[in-house]
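A short worksheet on the structure shown next.
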Amino acid sequence: MLNAELVEVLFFMIFFMGQPEGVFNVDTAELKQRIEATEFRIKKFTDAINNLYDLAEAGDTEAKDRIAKRKIEKQEAEQELKQLNGQAIEFANA
């Protein structure tokens, strides 16, 4: 039979490429900063999309392509924000 602590360490080393302490060692200040930066990026994407709509209405033919690109970037940032918020919740519950 294996010691439970040994099994835990081996599990983390194999699946997470490190020690268990490293997995739960979350810097809350860094996490908060990343959340705020991502929220700021989402706001910038929203503002850019709104400006591009104005350009599209004014007849800019390239604005539609840029709107599509910005929407994709905004969706990626929103997904990142969800993950960061999930990490913050997990850390708060730990």
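The values are calculated or read from the model by the stated rules, or taken from the named source; none is laboratory data. Source: prediction; values computed, not measured. Here the Cβ is made from the backbone with ideal geometry for all residues, glycine too, and neighbour counts use every protein chain on show. All accessible areas refer to the heavy atoms of the entire protein, side chains included, with ligands and DNA or RNA removed. Shrake-Rupley method; radii C 1.70, N 1.55, O 1.52, S 1.80 Å.
Of the residues THR28, THR46, THR61, THR38, the one with the largest accessible area comes first in the ranking THR61, THR28, THR46, THR38, computed with a 1.4 Å probe on protein heavy atoms. Using heavy atoms of the protein chains and a probe of 1.4 Å, the accessible area assigned to ASP54 is about 90 Å². A 1.4 Å probe, protein heavy atoms only, puts the accessible area of ARG70 near 70 Å². For the stretch 58-67, backbone phi angles converted through the Karplus equation (6.51, -1.76, 1.60; θ = phi - 60°) give residue-by-residue couplings of 7, x, 5, 6, 7, 4, 4, 5, 5, 4 Hz, Gly and Pro being listed as x.
Set the Förster radius R0 to 25 Å, insert the Cβ-Cβ distance between GLU62 and ALA37 as r into 1/(1 + (r/R0)^6), and round the FRET efficiency to 0.05. Computed FRET efficiency for GLU62 and ALA37 comes out at 0.30.
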